[in-house]
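The values are calculated or read from the model by the stated rules, or taken from the named source; none is laboratory data. Since this is a predicted model, take the numbers as computed values, not measurements. Please note: Cβ atoms are built from the backbone with ideal geometry, for glycine as well, and neighbour counts cover all protein chains shown.
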Amino acid sequence: MRILLDENIPVDFAGELRGHEISTVVHLGWSGVLNGELMRRARECCDVFVTLDRNIEFQQNIPVLPFGVIVVRAASNRMVHLRPLAAAILLAVAAAKPGQLQKVGA
């Protein structure tokens, strides 16, 4: 599965999602790109978009996207808060469907 990590997720977190092709907004040079344009660009490079942005479901038309969206709800974007959610994120990735949003975490 091709996963794109939003810029609000540390690049190091990619190592927690073994078995998948991981890209990051940071490595692609897309830092600072607004969500609408980011969603257009993501169409070409991912099956699942993972973000900490809880407002994305209200700002974007998720049902028309050709990839799934996973919103991670963690206390912060620090690895200490994200690492315990890695297994749940991997389960959400496995269940991801285009145009659907899933929430992981508290």
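Annotations
- Test: residue in the stretch 26-41 that is closer than 19 Å to Gly105 by Cβ and out of contact with any Lys or Arg (no Cβ under 7 Å at 6 or more places or on another chain): no
- Residue within the stretch 35-44 that is touching a Cys at 6+ places or on another chain (Cβ under 6 Å) and touching a residue at least 24 places away in the same chain (Cβ under 8 Å) present: no
- Close Cβ contacts (under 7 Å, 6 or more residues apart or on different chains) running from residues in the stretch 50-75 that are at positive phi to residues that are in a loop (DSSP other than H, G, I, E, B) are absent.
- Condition broken by Phe67, with the remaining ones in (1) modelled with pLDDT of 95 or more; (2) over 13 Å from the mean Cα position of the chain (by Cα) satisfied: (2)
- Scanning the stretch 22-38 for residues that are farther than 19 Å from Leu65 by Cα and of a type outside the set (A, V, I, L, M) yields His27, Gly29, Ser31, Gly32.
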